[in-house]
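Inspection log for the structure reproduced underneath, given as structure tokens.
No lab work stands behind these numbers, since they all come straight from the coordinates. All values reported here derive from a predicted model rather than from experimental measurement. With ideal geometry, Cβ positions are generated from the backbone for all residues, glycine too; neighbour counts draw on all protein chains shown.
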Amino acid sequence: MTRIDFYQLDPNRHSQDRIVCQLCQKAYESKQHTLLLTQSPEQSSHLDRLLWVFKDDSFVPHDVHESAEFETPVLIHNAPDPKGDRQLLINLAATIPDYFAQFERVIELVTEDNKSQARAHYHYYRERGYPIKHHAL
């Protein structure tokens, strides 16, 4: 069964963008192919650029498009269209994609800007019996 993790970010200590990059790096290092589902093409493009520069000594292979020949370890996508065999979904979208249960794990970030959305997502998962963990950062 898919495990759901909510990461509640302290705005005085962490930015969402930085945490997203760190989560992608950690997933890559642990060989978890990841779908980073974004809100928009602009957010996808922004995170694409950020993953190249967020840390001087790191490399996170990623792309906003996936080819048939190569499955990128981190796919950044704003349209709900899962491709490949991925273990982790980092959901930055306002909705929960219908296909979330195909992943071993789903990460939802809770920020000052999306608390009501995060509560709705939490209730959705809980009502369906998914195991949920909460992490305060």
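About its Cα centre, the range 1-71 has a charge dipole of approximately 320 debye under the convention of +1 per Lys or Arg Cβ and -1 per Asp or Glu Cβ, with nothing else charged. Among the DSSP helices (H) of the chain, none spans at least 30 angstrom by Cα along its long axis with an average Kyte-Doolittle hydropathy of 0.0 or more; this is a geometric and hydropathy rule only. Where only DSSP H runs of four or more residues are counted, the chain gives -9500 deg cm²/dmol as its mean residue ellipticity at 222 nm, each run worth -39500 (n - 2.57). Residues ASP113, ASP5, arranged from fewest to most other Cβ atoms within 10 angstrom of their Cβ, appear as ASP113, ASP5.
Scan the chain and hand back the longest stretch that contains none of the GluC sites (Glu not before Pro) lying in DSSP loops with at most 14 other Cβ atoms within 10 Å. My reading of the result: 1-68 is the longest stretch.
If you plug the beta carbon distance of LEU137 and SER67 into 1/(1 + (r/R0)^6) with R0 = 35 Å, you get a FRET efficiency near 0.55.
Here the range 75-137 and the range 33-68 have alpha carbon centers that stand 17 Å from each other. Using a Gaussian network model of the chain with C-alpha springs under 10 Å, which one of TYR99, TYR125, TYR28 is most mobile by mean-square fluctuation? Comparing TYR99, TYR125, TYR28 in the GNM, the peak value goes to TYR99.
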